[in-house]
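Report on the following structure.
The values are calculated or read from the model by the stated rules, or taken from the named source; none is laboratory data. Please read all numbers here as calculations on a predicted model, not as lab measurements. Note that each Cβ is placed from the backbone with ideal geometry, even for glycine, and that neighbours are counted across all protein chains shown. Note: accessible area is taken over every heavy atom of the protein model, side chains too, but ligands, DNA and RNA are not part of it. Shrake-Rupley method; radii C 1.70, N 1.55, O 1.52, S 1.80 Å.
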Amino acid sequence: MARQLDYKDHRRELDENRYVYAVVSRRARGLSIGVNLNPDKACNFDCPYCQVDRTIPGGPSRVDVPNLAEELGDLLRRATRDLWTAPPFDTVAPELRRVADVAFAGDGEPTTPAEFPAAAHAAREARDLLAPGVPLRLLTNATLLHKDRVRAALAEFDELWCKLDAGTEAYFHAVDGTRLPFQRILDNLLLVARERPIVIQSLFLTLDGVGPDDAEIRAWVDRLSELVAQGGCIDHVQVYTVARTPADPRCRPLDAKGLEAIAAAARDAGLAAAVYA
Ligand code: SF4
């Protein structure tokens, strides 16, 4: 019997595609059509929990936007025709047989390539034509949101889902594997959250068996509260953990109780928070 395609299974079918893939997303609660602008697997973060297998080399870094638009259009058309009768999509649970979103995510930071604005515009056009009502989302680590070319393109998206995995500089460097200044992330989040509501995505985990301590969680809540106090709008916070095999075996999922306690701390500060264990 074919394995049922579910939350844990992020096999990227449609292997012939270079940019567009489909996964059943636990957070989106349906089929998430992913747009990968980083087939070269380049990222300006090096999160130890990253699930991208960089032992296998990526492809070229230049993004062929017409090709991307064609792949996206084809998949959106299939979703209204025969997609759910073809393997492996015929194994998706009936309640998840819906296109939940089109999400720029993939194997690196999607705002990095020079073609990001053109790709965002092409995706917006395809979505408007073939899947009106399906949200177009950008999943970003927020490192480049201050760049003019990136900021201008944000208008193409319905929702911005921005990563914030830490409350302190030291923990940020540990869990996101970067030397970029933490303040840049905070400044960029404030920049966009003053203009429109953003979703905060926060992954918490255990590293060498140790989860974030109370001081780190307090600091994380403080950073979120400061964003709001300075005029930023946070739609809600998503607290989640490692779901699949990470790059670094020291990373393990934080248990549901730990995740719930973190979400409760965010709620105590007046934020809406949801847990995805
Ligand atoms: S930002 Fe995303 S793609 Fe980049 S290293 Fe972290 S988890 Fe991987």
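Among the numbered criteria (1) under 18 Å from L145 (Cβ atoms); (2) under 21 Å from the mean Cα position of the chain (by Cα); (3) not in a loop (DSSP other than H, G, I, E, B), which one does E226 miss?
Tallying (1) under 18 Å from L145 (Cβ atoms); (2) under 21 Å from the mean Cα position of the chain (by Cα); (3) not in a loop (DSSP other than H, G, I, E, B), E226 fails exactly one: (2).
Among the candidates L160, L191, single out the residue that is in contact (Cβ under 8 Å) with a residue 40 or more places away in the chain and farther than 18 Å from P48 by Cα.
L191
For residues in the stretch 24-59 being open to solvent by 10 Å² or more (accessible area, probe 1.4 Å) and among the aliphatic types (A, V, I, L, M), which is nearest to the ligand (Cβ to nearest atom)?
Checked the stretch 24-59; the qualifying residue nearest to the ligand (Cβ to nearest atom) is V52.
Going through the stretch 173-188 one residue at a time, which ones are more than 12 Å from the ligand (Cβ to nearest atom) and of a type outside the set (A, V, I, L, M)?
The answer is H173, R179, P181, F182, Q183, R184, D187, N188.
Based on what the data block shows, is L191 aliphatic (A, V, I, L, M) and either surrounded by 19 or more Cβ atoms within 10 Å (Cβ to Cβ) or within 16 Å of the ligand (Cβ to nearest atom) (or both)?
No: the conditions fail for L191.
Give just the number: which of (1) under 19 Å from the mean Cα position of the chain (by Cα); (2) over 26 Å from L254 (Cα atoms) does I198 not satisfy?
Every condition holds for I198 apart from (2).
Just for the stretch 79-122: of the residues that are among the hydroxyl-bearing types (S, T, Y) and within 15 Å of the ligand (Cβ to nearest atom), which one is nearest to R151 (Cα to Cα)?
If we take residues in the stretch 79-122 being among the hydroxyl-bearing types (S, T, Y) and within 15 Å of the ligand (Cβ to nearest atom), then T111 is nearest to R151 (Cα to Cα).
For the stretch 241-270, what are the residues that are in contact (Cβ under 8 Å) with a residue 60 or more places away in the chain and either in contact with a Pro (Cβ under 7 Å, 6 or more places away or on another chain) or surrounded by fewer than 20 Cβ atoms within 10 Å (Cβ to Cβ) (or both)?
V242, A243, R244, T245, P246, A247, D248, R250, C251
State yes or no: is G231 at positive phi and modelled with pLDDT of 95 or more? Let's see the steps before the verdict.
Numbers: at positive phi: yes; modelled with pLDDT of 95 or more: yes.
Criteria met by G231.
D235 fails exactly one of the following numbered conditions: (1) among the charged types (D, E, K, R); (2) surrounded by fewer than 20 Cβ atoms within 10 Å (Cβ to Cβ); (3) over 21 Å from A28 (Cα atoms). What is the number of that condition?
(3)
Considering every residue within the stretch 205-225, establish whether at least one is among the polar types (S, T, N, Q), out of contact with any strand residue (DSSP E or B) (no Cβ under 8 Å at 6 or more places or on another chain), open to solvent by 10 Å² or more (accessible area, probe 1.4 Å) and over 28 Å from A28 (Cα atoms).
Scanning the stretch 205-225 turns up no residue that is among the polar types (S, T, N, Q), out of contact with any strand residue (DSSP E or B) (no Cβ under 8 Å at 6 or more places or on another chain), open to solvent by 10 Å² or more (accessible area, probe 1.4 Å) and over 28 Å from A28 (Cα atoms).
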